[in-house]
Amino acid sequence: MLFAMSPSLIASKAVSMALLFPGNLLLLMALSCILLWRGYRRTGIGIILVSMLCIIVLSMPVVSHKLLSKLEDVPVLTPAALDQGAARDAQAIVVLAGGVLYRQPEFGGINTTAESSLLRIRYGAYLHKRTGLPILVSGGVPVNGESSGQTMANDLHTFFATPVQWVEGRSENTAENAQYSWDMLKPQGIQTILLVTSASHMRRAIASYQRVGFTVIPAPTAFQPAPLDNLLQYLPKLDGLNQSNTVLHEWIGALWYRIAE
């Protein structure tokens with residue numbers, strides 16, 4: 001079996017597909033078609049127009065980056081902070097998984113890290129070289145018997161010559177990343193960690209890791225640059241819609257964790 005997904009993960013993915021782009025728009029279009037078919041012409045047309053307006057506005061880089069910057073509000077961990085600040089109290093580096101590219105032909109058909117994970121492990125390797133702290137990589141959803149955490153560990157070793165002390169490969173979401181990391185590190189006497197993930201995901205990750213008992217020193221990476229200050233920032237682009245989708249994903253995730261508490 002290619003993917004080993006639990007029923008809960010399948011359900012969460014289905015809900016995410018319905019709430020995020022393009023699933024939410026497809027559902028709205030289907031609803032508008034039903035309304036038009038049933039004779040509710042004004043309502044159906046109104047839904048179509050509002051949907052089109054949302055796509056245009058959320059695809060503008062000037063809008064999407066503004067939304068994303070509200071999530072990327074955890075300060076960067078500067079080299080000075082590593083040498084002189086609270087980061088000196090850290091006992092380990094925890095790097096969260098992003099995505100995996102499966103069966104990459106240029107690497108002989110092995111799995112390798114996608115962009116989000118690659119940026120995170122690159123920063124994790126940098127922090128390891130600066131601090132000498134051991135690394136835990138966290139990410140499950142096994143594909144062909146290999147978790148995303150194991151894929152990250154492989155790439156850290158192969159491409160960054162960086163050792164990984166612990167591989168957590170059972171988690172299916174950020175809350176489980178935190179719980180399973182705690183289960184592995186607490187018996188080692190490790191409670192204070194440098195937490196590495198994308199800047200847009202950091203706020204939710206901090207809350208999850210603090211909830212299980214960690215003292216978290218945030219180490220955000222993959223900050224998105226602001227669009228160029230010209231008329232192009234007002235033109236709809238797919239990258240802009242992707243950024244807005246990231247924001248929507250984080251909002252939904254944060255809301256779900258609050259409900260689940």
When residues of region 216-259 are limited to those that are out of contact with any helix residue (DSSP H, G or I) (no Cβ under 8 Å at 6 or more places or on another chain) and closer than 30 Å to Asp183 by Cβ, the one surrounded by the fewest Cβ atoms within 10 Å (Cβ to Cβ): Ile259
Breaking point among (1) assigned to a helix (DSSP H, G or I); (2) under 23 Å from Ser116 (Cα atoms), for Leu232: (2)
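Which residues, counting only those in region 68-116, are in a helix (DSSP H, G or I), out of contact with any helix residue (DSSP H, G or I) (no Cβ under 6 Å at 6 or more places or on another chain) and buried (at least 17 other Cβ atoms within 10 Å of the Cβ)? Full working, then the answer.
The initial filter retains those residues of region 68-116 that are in a helix (DSSP H, G or I), namely 68-71, 79-84, 86-89, 105-107, 115-116.
Subsequent filtering for residues that are out of contact with any helix residue (DSSP H, G or I) (no Cβ under 6 Å at 6 or more places or on another chain) retains 69-70, 79-80, 83-84, 86, 88-89, 105-107, 115-116.
Passing the criteria: only Ser116.
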Pairs, first farther than 16 Å from Leu136 by Cβ in region 72-97, second surrounded by 21 or more Cβ atoms within 10 Å (Cβ to Cβ) and of a type in the set (S, T, N, Q), C-beta under 6 Å, six or more apart: Glu72/Ser200
Residue in region 31-41 that is more than 17 Å from His201 (Cα to Cα) and within 22 Å of the chain's Cα centre (by Cα) present: no
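Just to verify a result, which residue in region 4-24, among those that are within 11 Å of Asn173 (Cβ to Cβ) and loosely packed, with under 15 Cβ neighbours inside 10 Å, is modelled with the highest pLDDT?
Top of the filtered list is Lys13.
If you take the residues in region 117-176 that are assigned to a strand (DSSP E or B) and either touching a Phe, Trp or Tyr at 6+ places or on another chain (Cβ under 7 Å) or not charged (D, E, K, R) (or both), which one is surrounded by the most Cβ atoms within 10 Å (Cβ to Cβ)? Break it down into steps so the answer makes sense when it comes.
Initial filter on region 117-176 (assigned to a strand (DSSP E or B)): 135-138, 143, 146, 166-168.
After this cut, where a residue has to be either touching a Phe, Trp or Tyr at 6+ places or on another chain (Cβ under 7 Å) or not charged (D, E, K, R) (or both) as well, the list is 135-138, 143, 166-168.
Values: Ile135: 24, Leu136: 26, Val137: 32, Ser138: 28, Val143: 18, Trp166: 18, Val167: 18, Glu168: 26.
Of everything passing the filter in region 117-176, Val137 is surrounded by the most Cβ atoms within 10 Å (Cβ to Cβ).
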Ser51, sole failed condition from (1) under 25 Å from Leu26 (Cβ atoms); (2) buried (at least 20 other Cβ atoms within 10 Å of the Cβ); (3) among the small types (Gly, Ala, Ser): (2)
Condition broken by Leu195, with the remaining ones in (1) in a strand (DSSP E or B); (2) in the same structural domain as Ile56 (by TED's automatic domain parsing); (3) not β-branched (Val, Ile, Thr) satisfied: (2)
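Which residues, counting only those in region 117-146, are within 21 Å of Ile190 (Cβ to Cβ) and over 16 Å from the mean Cα position of the chain (by Cα)?
Ala125, Tyr126, Leu127, His128, Lys129, Arg130, Thr131, Gly132, Leu133, Pro134, Ile135, Leu136
The values are calculated or read from the model by the stated rules, or taken from the named source; none is laboratory data. None of the values given here were measured: they were computed from a predicted structure. No Cβ is skipped: glycine too gets one built from the backbone with ideal geometry, and neighbour counts run over all protein chains shown.
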